[in-house]
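Worksheet: one structure, shown below.
The values are calculated or read from the model by the stated rules, or taken from the named source; none is laboratory data. Just so we're clear, the structure is a prediction, and the values are computed from it rather than from any experiment. Using ideal geometry, Cβ is built from the backbone for each residue, glycine included, and neighbour counts are taken over all protein chains shown. Note: accessible area is taken over every heavy atom of the protein model, side chains too, but ligands, DNA and RNA are not part of it. Shrake-Rupley method; radii C 1.70, N 1.55, O 1.52, S 1.80 Å.
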Amino acid sequence: MSIAENLAKVRAEIGEACRAAGRAESTVTLIAVSKVHPAERLIEAYEAGQRVFGENRVQELQAKAERVRGLPGAEFHLIGPLQSNKTAKAAELFDTVDTVAERKTAQRLATTAMALGKQLPVLIEVKLSPEESKHGVSPAELPGLLSAIAGLEGLEVRGLMTVPPWDEDAETARPYFRQLRELRDELAGTYPTLRELSMGMSNDFRVAIEEGSTAVRVGTAIFGARPKPAINEDGTAVEDGTTVGG
Ligand SMILES: *Cc1c(COP(=O)(O)O)cnc(C)c1O
């Protein structure tokens with residue numbers, strides 16, 4: 001199937017999930033996760049009408065920027081963990097940073113955003129599962145982080161984001177999605193700009209929508225299985241050319 005066909009299928013499934021949950025389709029944004037795929041694939045999705053994209057590394061969008069940053073109406077979200085030495089570049093390149101988890105990072109983003117004269121929307125990534133590989137602030141530390149960054153000029157805290165443990169059975173993710181919604185509902189009284197819930201990926205976005213997701217981050221279902229990058233995150237060479245899913 002082509003990217004255009006995949007996109008149409010995903011959009012139809014989002015529509016169905018919204019109807020089943022009694023929600024308007026306009027309340028859910030589809031973020032097309034183009035990480036590891038070349039700029040051409042992203043442009044193919046753009047030409048099929050997709051406007052919101054997610055990348056998980058600052059360097060990767062930087063590499064694609066010349067081809068894709070000028071596309072009218074295209075919007076880019078950073079959905080991967082942000083290293084402190086990349087914050088300035090992130091504030092410059094991205095329209096939204098969905099993975100803020102530390103006060104220091106938020107302060108650096110705010111400083112750059114102010115210097116650029118922009119108001120940068122951010123989400124706070126919350127770690128709801130004990131897995132080592134997951135990032136984010138714990139629910140216990142969330143109120144403290146929010147109060148520290150809510151007043152920062154240059155940033156606007158729009159909501160919360162989470163990545164539950166991966167499981168083939170989408171129902172496994174439901175309690176995590178529900179917990180993120182409950183956290184948002186509890187805190188929205190104090191922080192009225194806290195509206196967004198970025199949750200749900202290719203295999204579980206329907207469940208996420210039932211639990212109140214306002215932004216689903218879908219990669220594989222749109223672009224197909226991800227080719228392995230030529231180099232790993234730590235700079236070492238990838239051993240074989242097999243694809244990775246999930
Ligand atoms: C890669 C990634 C996704 C997309 O995952 P798929 O299973 O391919 O849809 C979503 N969110 C984050 C944070 C990711 O890193």
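Selection within segment 142-152: residues that are in contact (Cβ under 8 Å) with a residue 12 or more places away in the chain and part of a loop (DSSP other than H, G, I, E, B). The member of this set that is farthest from the chain's Cα centre (by Cα) is Leu152. Filter segment 197-215 for residues that are touching a Ser or Thr at 6+ places or on another chain (Cβ under 8 Å) and not in a loop (DSSP other than H, G, I, E, B); which is farthest from the ligand (Cβ to nearest atom)? Only one residue fits best here, namely Leu197. Residues that are buried (at least 21 other Cβ atoms within 10 Å of the Cβ) and out of contact with any Pro (no Cβ under 9 Å at 6 or more places or on another chain) within segment 87-97 comprise Thr87, Ala90, Ala91, Phe94, listed in sequence order.
Each residue in segment 199-230 was checked for being surrounded by 18 or more Cβ atoms within 10 Å (Cβ to Cβ), under 27 Å from Pro38 (Cα atoms) and of a type in the set (A, V, I, L, M, F, W, C), and 9 of them qualify. The number of residues in segment 26-58 that are of a type in the set (Gly, Ala, Ser) and open to solvent by 20 Å² or more (accessible area, probe 1.4 Å) comes to 3.
Cβ-Cβ distance below 9 Å, separation of 6 or more or different chains: which pairs start in segment 178-194 with a residue that is of a type in the set (A, V, I, L, M, F, W, C) and end on one that is part of a helix (DSSP H, G or I)? Close Cβ pairs (under 9 Å, with a partner that is part of a helix (DSSP H, G or I)) amount to Leu183/Leu142; Leu187/Leu142; Leu187/Pro143; Leu187/Leu146; Leu194/Leu146; Leu194/Arg184; Leu194/Leu187; Leu194/Ala188. The condition of being touching a Gly at 6+ places or on another chain (Cβ under 7 Å) and either modelled with pLDDT of 95 or more or open to solvent by less than 70 Å² (accessible area, probe 1.4 Å) (or both) does not hold for Arg23. The residue that is surrounded by the most Cβ atoms within 10 Å (Cβ to Cβ), counting only those in segment 116-136 that are assigned to a loop (DSSP other than H, G, I, E, B) and within 13 Å of the chain's Cα centre (by Cα), is Gly136. Take the conditions modelled with pLDDT of 95 or more, away from the ligand (no atom under 15 Å from the Cβ) and either open to solvent by 40 Å² or more (accessible area, probe 1.4 Å) or not in a helix (DSSP H, G or I) (or both) and apply them to Pro139. Does it pass? So Pro139 fits the description; yes.
Where residues in segment 210-246 are acidic (Asp, Glu) and at pLDDT below 95, which of them is nearest to the chain's Cα centre (by Cα)?
Glu233
There is at least one residue in segment 75-84 that is in a helix (DSSP H, G or I) and over 21 Å from Ala215 (Cα atoms).
Suppose we filter Glu171, Glu196, Glu156 for residues that are more than 19 Å from the chain's Cα centre (by Cα) and open to solvent by 10 Å² or more (accessible area, probe 1.4 Å); which single one remains? Criteria check complete, one pass: Glu171. One residue alone among Val52, Val126, Val122 is at pLDDT 95 or above and in contact with a His (Cβ under 8 Å, 6 or more places away or on another chain), and that residue is Val52.
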